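Peer 1: Could you have a look at this structure, given as C-alpha cells, before my questions?
The values are calculated or read from the model by the stated rules, or taken from the named source; none is laboratory data. Just so it is clear, the structure is predicted and the values come from calculations on it, not from any experiment. Note that we place each Cβ from the backbone using ideal geometry, even for glycine, and neighbour counts take in every protein chain shown. Ligands, DNA and RNA are stripped out before the accessible areas are found, and what is left, the full protein with its side chains, is counted by its heavy atoms. Shrake-Rupley method; radii C 1.70, N 1.55, O 1.52, S 1.80 Å.
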Amino acid sequence: MLENFVNFFIHLVDTWGYFGIFAMMFLESSFFPFPSEVAMIPAGYLAFLGKMNIYLAFLSGALGSLLGAIFNYYLCFFFGRKIIDKYGKFVGITEDKMQKFETFFKKHGEISTFNCRLIPGIRQYISLPAGLAKMNVFKFSLYTTLGAGIWVAILLALGYFLGQNEELIKEELHTITIICLVFVAVSFGIYFYYQKRKKDKI
C-alpha cells in the first residue's frame, strides 16, 4: 500500500515534469496544506534515474516556493488581516495560529522569513505576517529564496541518494529536520548577536 502511494507520486512528478514540481511547490509554499516532500523527493529519485535534470528540478522547486510565498505576502499586503479572518479557517489558519505567527514575526524580525522556511508546518505561513508588516519585498524574496532553496536541496538530495526506500527516507528526514532546527537556532543566535552589537554602537 505504502509502496503504491510512493510510486504514484513518482509517476505523477515524472508525468508532469518540471511544471508539476513548480505547481506543487507553489501550492506548498502558499497556505494550501500540501507537503513539499511529495514533490521534491520523487524529483530527486527521478534525477538519480537520469529522467530529470537535478538542477532544473531544483530551480523549479525553489521558484515555485518563492512565488507561492509572494502570493501569501501580497494577499496580506493588499487585503490586510481581514482576508485571513474571513477565509483562513477554510485552510486551517485559526485566529490563535495567526496571532502566534504575528507574534513570532514581530519578536524575531525579518530574518524569520529565512529561518522559518526550514521548519515544517511553519514555513508556508511566515509570509503572512511579513505581508501584514509590509516587509521590503526584495528582502522578503531574498530570505525566502535562501531558506526555501536549502529545504528544496535537502529533499532533492534525499530522493537522489535514498531512492525508493521509504523507511530509510523517513528515518533520514527526521534527522534532517532536527539538523535544520539546530541550524535555525544557531542562525537566530548569530542574528541577535549582531543586532545587539549594532545597538551597543549607537
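Peer 1: Which whole-Hz couplings ³J(HN,Hα) result when phi for each residue of the stretch 16-31 is put into the Karplus expression 6.51 cos²θ - 1.76 cosθ + 1.60, θ = phi - 60°, listed in order with x for Gly and Pro?
Peer 2: These are the phi-based 3J(HN,Hα) values: 7, x, 5, 5, x, 4, 4, 5, 5, 6, 4, 5, 4, 7, 8, 8 Hz.
Peer 1: Here is a follow-up. FRET efficiency for residue 51 and residue 161, Cβ-Cβ distance as r, R0 = 22 Å, nearest 0.05? Please list the in-between numbers first.
Peer 2: Values: r = 16 Å, r/R0 = 0.73.
E(calc), rounded to 0.05, equals 0.85.
Peer 1: Give 107/134; 51/139; 82/106 a once-over and call out the pairs whose C-alpha atoms are over 23 Å from each other.
Peer 2: Numbers: 107/134 16 Å; 51/139 35 Å; 82/106 19 Å.
In this structure, 51/139 exceed 23 Å between Cα atoms.
Peer 1: Taking K and R as +1 and D and E as -1, what net charge do the other residues with C-beta under 14 Å from the C-beta of residue 150 add up to? Mind dumping the intermediate values first?
Peer 2: Working: positive: 117, 123; negative: none.
The answer is +2.
Peer 1: Would you please put 34-47, 74-87 in order of how densely packed they are, using the mean number of other Cβ atoms within 10 angstrom per residue and starting with the highest?
Peer 2: Averaged packing, sorted descending, gives the order 34-47, 74-87.
Peer 1: Separate question: Whole-Hz ³J(HN,Hα) for each residue in the stretch 67-76, computed from phi via Karplus 6.51 cos²θ - 1.76 cosθ + 1.60 with θ = phi - 60°, x for glycine and proline: what do you get?
Peer 2: The phi angles translate into 5, x, 5, 5, 4, 4, 4, 6, 4, 6 Hz.
Peer 1: May I ask you to compute the full-extension gain from residue 107 to residue 94, defined as 0.36 nm times their residue separation minus their alpha-carbon distance, rounded to one decimal in nm? Can you show the working numbers first?
Peer 2: Working: separation 13, 0.36 × 13 = 4.68 nm, distance 1.99 nm.
Between residue 107 and residue 94, full extension yields an extra 2.7 nm.
Peer 1: Right, next: Mind ranking 102, 95 by accessible surface for me, highest first, 1.4 Å probe?
Peer 2: In descending accessible area the options line up as 95, 102.
Peer 1: Starting at the first residue of the stretch 126-142, write each ³J(HN,Hα) from the Karplus equation 6.51 cos²θ - 1.76 cosθ + 1.60 with θ = phi - 60°, in whole Hz, x for Gly and Pro.
Peer 2: Those phi angles translate into 5, 6, 5, x, 5, x, 4, 7, 6, 4, 3, 5, 5, 5, 4, 5, 5 Hz.
Peer 1: With r defined as the distance between the Cβ atoms of residue 137 and residue 15 and R0 fixed at 35 Å, what FRET efficiency is calculated, to the nearest 0.05? Numbers along the way, then the final one.
Peer 2: Working: r = 34 Å, r/R0 = 0.98.
E between residue 137 and residue 15, to the nearest 0.05, is 0.55.
Peer 1: How would you order 21-31, 136-146 from highest to lowest mean count of nearby Cβ atoms within 10 Å? Before the final figure, lay out each step's value.
Peer 2: On the way: 21-31: 23.9, 136-146: 16.8.
Ranking, from highest mean packing down: 21-31, 136-146.
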